[in-house]
Amino acid sequence: MVPFILLLVIVGSVLFHIFTPWYSTPIASNWSNIDKTIELTFWMTGGVYVAVLGFMTYCVIRFRSKEGHRADYEPESKKLEIILTVLTTIGVAGLLAPGLIVWDEYVSPPEDAMPIEAMGQQWYWSFRLPGEDGVLGTTDARNINADNPFGMNKNDPNGQDDILIEGDDLHLELEKPVKFLLRSIDVLHNFYVPQFRAKMDLVPGMVTYYWIRPTLAGGYEILCAELCGVGHHAMRGFVKVEGKEDYKNWLDDQSTFKALQEEAKLENKEKLAFHKSN
Ligand SMILES: [Cu+2]
C-alpha cells in the first residue's frame with residue numbers, strides 16, 4: 001500500500017503541473033530571463049522531488065521487513081557523503097548562478113532609461129516623472145504636507161517641471177526603457193506588475209530601483225506585494241502601455257509641480273479670503 005501511495009503522489013504531482021490551471025500571465029516586458037530562471041528552478045527542484053520520492057518507493061519495496069533479517073548499522077559512509085556533497089553543491093550552484101546573472105541585468109538600466117518614481121504609502125501609489133529636463137528634483141520626507149504630498153524641495157530647479165500623478169494611473173510608452181525609483185514614506189511596500197515579471201521592495205529611508213522595457217501594449221494591474229497593513233489588499237494601481245502618440249496625449253494632460261504649487265497657493269488665498277469675509 002505504501003509504495004502505491006508514494007507512486008500516486010509522484011504521478012499526481014507531475015500530472016498536476018502539466019495540466020495546471022494556474023499559468024503565468026502573458027509576458028509584457030523584456031524579462032523573459034526571469035521566466036527562464038523560474039523554469040530552471042522548477043525543473044531542477046522537480047527532478048530532485050521525483051528522484052527522492054522514487055528512491056523512497058524503491059526502498060520500501062526492496063527492503064521490506066522479512067523474518068530473520070536485520071538492517072545493517074552503518075553510521076558513516078565516506079563515499080556516500082562525498083557523492084551527496086558534490087551533487088548538492090552542483091545543484092545549489094545551478095540554482096543560484098543564473099539568478100545572479102539575471103539580477104545583474106535587472107539592476108543595470110540602459111543609459112536611455114527614463115527615471116520614473118513610484119511612491120508607496122498606506123495604501124496607494126503615486127508617480128513622479130521628470131519633466132522636459134529629464135531629471136527628477138530632490139525630495140525630503142520632512143517637506144511632506146497636504147500641499148506637497150511628494151515632499152518636493154521647493155528650491156530645487158530640477159523639480160519645478162516634474163510631473164506629479166496622484167491618481168493610481170501610470171502610462172508608459174511601448175518599447176521605451178524605464179528605470180523605476182521606488183520610495184516609501186511609511187512602511188515596506190513592494191512595486192509589482194505580474195506581466196512585467198518584475199518586483200522590488202520599497203524600503204523607508206532609501207530609494208530602490210529596477211528597470212524594464214515594456215514590450216506589449218495593454219493595461220496591467222500594479223499590486224503591492226509586501227504585506228503593509230490592513231489596507232494592503234486594496235493597494236493597487238493601473239499601468240497602461242501604449243504607443244508614442246497616446247502616451248504623449250496622456251502626458252500633456254498631467255500637471256507639473258510648479259503648476260500644482262500655484263493652484264494650491266490660489267486655493268489657500270481663496271480660503272483665507274472666505275474666512276475673512278465671514
Ligand atoms: Cu502592501
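Out of the residues in the range 197-217 that are in contact with a helix residue (DSSP H, G or I) (Cβ under 8 Å, 6 or more places away or on another chain) and not in a loop (DSSP other than H, G, I, E, B), which is surrounded by the most Cβ atoms within 10 Å (Cβ to Cβ)?
Start the filter on the range 197-217 by keeping residues that are in contact with a helix residue (DSSP H, G or I) (Cβ under 8 Å, 6 or more places away or on another chain), which leaves 197-198, 210-212, 214, 216.
Next, from what is left, pick out any that are not in a loop (DSSP other than H, G, I, E, B): 198, 210-212, 214.
Working: Ala198: 18, Tyr210: 21, Trp211: 22, Ile212: 21, Pro214: 24.
Filtering the range 197-217 for residues that are in contact with a helix residue (DSSP H, G or I) (Cβ under 8 Å, 6 or more places away or on another chain) and not in a loop (DSSP other than H, G, I, E, B), the one surrounded by the most Cβ atoms within 10 Å (Cβ to Cβ) comes out as Pro214.
Which residue is farthest from the ligand (Cβ to nearest atom), if the candidates are limited to the range 177-196 and must be among the aliphatic types (A, V, I, L, M) and not in a loop (DSSP other than H, G, I, E, B)? Full working, then the answer.
Keep residues of the range 177-196 that are among the aliphatic types (A, V, I, L, M), which gives 178, 181-182, 185, 187-188, 193.
This time we only want the ones that are not in a loop (DSSP other than H, G, I, E, B), so: 178, 181-182, 193.
Numbers: Val178: 22, Leu181: 18, Leu182: 13, Val193: 14 Å.
The extreme case among them is Val178.
Is it true that some residue in the range 255-271 is in a helix (DSSP H, G or I), closer than 18 Å to Pro177 by Cβ and among the charged types (D, E, K, R)? Working first, answer last.
Restricting attention to the range 255-271, the residues satisfying the condition of being in a helix (DSSP H, G or I) are 257-271.
Filter again for closer than 18 Å to Pro177 by Cβ, leaving none.
Within the range 255-271, none of the residues are in a helix (DSSP H, G or I), closer than 18 Å to Pro177 by Cβ and among the charged types (D, E, K, R).
Residues of the range 220-236 being more than 7 Å from the ligand (Cβ to nearest atom) and either surrounded by 20 or more Cβ atoms within 10 Å (Cβ to Cβ) or under 12 Å from Asp168 (Cα atoms) (or both), which ones?
Matches in the range 220-236: Tyr220, Glu221, Ile222, Leu223, Ala234, Arg236.
Each reported figure results from applying straightforward, stated rules to the coordinates on display, with no laboratory input. No experiment lies behind these values; they were computed from the predicted model shown. Because the Cβ atoms are built from the backbone with ideal geometry, glycine has one as well, and the counts that use them run over all protein chains shown.
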